[in-house]
1. Which of the residues belonging to the stretch 29-46 are within 18 Å of the chain's Cα centre (by Cα) and at pLDDT below 95?
2. With in contact with a helix residue (DSSP H, G or I) (Cβ under 9 Å, 6 or more places away or on another chain) and in a helix (DSSP H, G or I) as the only criterion, which of 86, 93 stands out?
3. Taking the stretch 212-226 as the region of interest, how many residues are in a helix (DSSP H, G or I) and over 13 Å from residue 20 (Cβ atoms)?
4. Out of the stretch 1-41, which residues are touching a helix residue (DSSP H, G or I) at 6+ places or on another chain (Cβ under 7 Å), without any contact (Cβ under 8 Å) to a residue 40 or more places away in the chain and either in a helix (DSSP H, G or I) or under 18 Å from residue 71 (Cα atoms) (or both)?
5. How many of the residues in the stretch 188-203 are part of a loop (DSSP other than H, G, I, E, B) and surrounded by 17 or more Cβ atoms within 10 Å (Cβ to Cβ)?
6. For the stretch 107-117, state whether one or more residues are more than 27 Å from residue 188 (Cβ to Cβ) and either at pLDDT below 80 or exposed (fewer than 15 other Cβ atoms within 10 Å of the Cβ) (or both).
7. Name the one entry in 26, 72, 64 that is under 14 Å from residue 157 (Cα atoms), modelled with pLDDT of 95 or more, within 18 Å of the chain's Cα centre (by Cα) and crowded, with 24+ Cβ neighbours inside 10 Å.
């Protein structure tokens, strides 16, 4: 297997047939084999586990990690503050992964926030709804990323890169952020700077954001054209890498 994909429902391909997904078009544009391990509502908590327990067993050449804003706040819905701190404080080389049962969201509000985050172009009142629902106790700071969700996610990213390096795979950061309540330019900047500081490969797909024709009607997930547009940008990057 050449490529492993990590992400949530946007990358899984919610609402479209398999031959309309990013994974499908990426295979066609590059002639690489692609294993799509993205799952609906996955966050950094699930993605780090999936990569280490399953993804690297495919011996991929590339690990493509698609960040979405739920990678941050969903952490507080599945882990306690103490568990988050323990993970952050554990040296990367000492992080281990035990078999897990299905994780259920601890609070209904966490489920609602996650579902809404998957629909960046639906529900114009989402900002009002979000303000009415109490956020997890460790809130986001999109300006400097200093709070627990950011620290957890950054540590997870570093561990995924560390594990990928050991497996001779290139770990690639691909942020999906939007200028709306489910994402922000600040998140993009934080991840771009973090990737630069830690020698993490980075692909900018922001040119496809906010183009309504790239999304399913009244849904917010990529349609065929959106999947194709994202895959084309990623394929261009991979072809450039292969030229060296």
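1. If the condition is that a residue be within 18 Å of the chain's Cα centre (by Cα) and at pLDDT below 95, then 39, 40, 41, 42, 43, 44, 45, 46 are the ones that fit.
2. After ruling out the rest, the residue left standing is 93.
3. So the answer is 2.
4. Once the filter is applied, which keeps residues that are touching a helix residue (DSSP H, G or I) at 6+ places or on another chain (Cβ under 7 Å), without any contact (Cβ under 8 Å) to a residue 40 or more places away in the chain and either in a helix (DSSP H, G or I) or under 18 Å from residue 71 (Cα atoms) (or both), the stretch 1-41 yields 18, 36, 37, 38, 39.
5. Matching residues across the stretch 188-203 total 2.
6. yes
7. 64
For (1) in contact with a helix residue (DSSP H, G or I) (Cβ under 8 Å, 6 or more places away or on another chain); (2) free of Cβ contacts under 8 Å to residues at least 24 places away in the same chain, each residue gets a yes or a no:
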| position | (1), (2) |
| --- | --- |
| 189 | no, yes |
| 192 | no, yes |
| 209 | no, no |
| 235 | yes, no |
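The values are calculated or read from the model by the stated rules, or taken from the named source; none is laboratory data. Nothing here was measured: the structure is a model prediction, and the numbers come from that model. Reconstructed Cβ throughout: ideal geometry from the backbone, glycine too, with neighbour counts over all protein chains shown.
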